[in-house]
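J.: I am attaching a structure below and will ask some questions about it afterwards.
The values are calculated or read from the model by the stated rules, or taken from the named source; none is laboratory data. The model shown is predicted, which means the values in this text are computed figures rather than measured ones. A quick note on method: Cβ atoms are made from the backbone with ideal geometry, for glycine too, and the neighbour counts reach across all protein chains shown. In case anyone asks, the SASA skips ligands and DNA or RNA and just uses the protein heavy atoms, side chains included. Shrake-Rupley method; radii C 1.70, N 1.55, O 1.52, S 1.80 Å.
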Amino acid sequence: MSYVNEVLELARRVADSQAEPVRRAAALLVAALRAGGVVQAFGSGHSEAIAMEIAGRAGGLVPSNRLSPRDLVLYGGHPPGVLTPELERDPAVAHEIYALAPVSPEDVFVLISSSGINGAVVELARLVKDRGHPLIALTSVAHSTGMTSRHPSGAKLMDLADVVLDNGAPYGDAILDLPGGGSYGAVSTITSALLAQLVVAEAVDELVALGETPPVYLSVNVTGGDEHNKALESRYQGRIRRGA
């Protein structure tokens, strides 16, 4: 039960400490959606799971896309063998991912990387800001601070964002100590998913307060879910995609 207790305590600390960044991130989402934009969420490795929390899931926003290195295969014609663990360290990957995405000037980006140091995510952050998009970073400030950037500029994801959401994960991610040294019990996925859902929930609340009907997915496993979702997706034809 020690892991449960540690996770619950950390989740509460993250929710409390990040309340203001969550509000600011939600405001960026609302502004983008009201301007006709969509939410572009990117993560690689385990962080791709957090992009999935933001884009294309029940209870989430319909105007959203999940970007990842696999887009090079799905949309760019590269062979599957290109998808190696080292790919996320290559800054050049970011340019092709951005070029392959259905991006409009009104879009807001959420880039997820607990370390925040790999070449692809840092270069994508630089590219996003160069193109004038609002940028939200979801990262571990403790871990990122303890590492040297792998991007040639020396920048880290958190250095480039308009809003930084700190998932509270410690350096190395795991929170339980091993007797002979080292640690186990990773937490970044749990707290990052919490932050992603908090931002979406806050954005939906803001839209409701403005008198608007938020474009939110129903589960495809409830009656009428498919019809509801297809009707909403039709509003964003050519702006969103639902790949593998």
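J.: Looking at the structure I just gave you, is Glu227 in a helix (DSSP H, G or I), open to solvent by 50 Å² or more (accessible area, probe 1.4 Å) and free of Cβ contacts under 8 Å to residues at least 40 places away in the same chain? So that I can check it myself, show each step before the final result.
T.: Numbers: in a helix (DSSP H, G or I): yes; open to solvent by 50 Å² or more (accessible area, probe 1.4 Å): yes; free of Cβ contacts under 8 Å to residues at least 40 places away in the same chain: yes.
For Glu227, the condition - in a helix (DSSP H, G or I), open to solvent by 50 Å² or more (accessible area, probe 1.4 Å) and free of Cβ contacts under 8 Å to residues at least 40 places away in the same chain - is met.
J.: Do we have any residue at all in segment 47-70 that's at pLDDT below 95, among the charged types (D, E, K, R) and farther than 24 Å from Ala203 by Cβ?
T.: Yes, that holds for at least one residue.
J.: Restricting attention to segment 107-142, which residues are over 17 Å from the mean Cα position of the chain (by Cα) and touching a residue at least 12 places away in the same chain (Cβ under 8 Å)?
T.: Arg131, Gly132, Ala142
J.: Determine whether Glu53 is free of Cβ contacts under 8 Å to residues at least 60 places away in the same chain and outside any loop (DSSP other than H, G, I, E, B). Even if it seems obvious, please write down each step before you answer.
T.: Details: free of Cβ contacts under 8 Å to residues at least 60 places away in the same chain: no; outside any loop (DSSP other than H, G, I, E, B): yes.
Taking the combined requirement at face value, the residue does not satisfy it.
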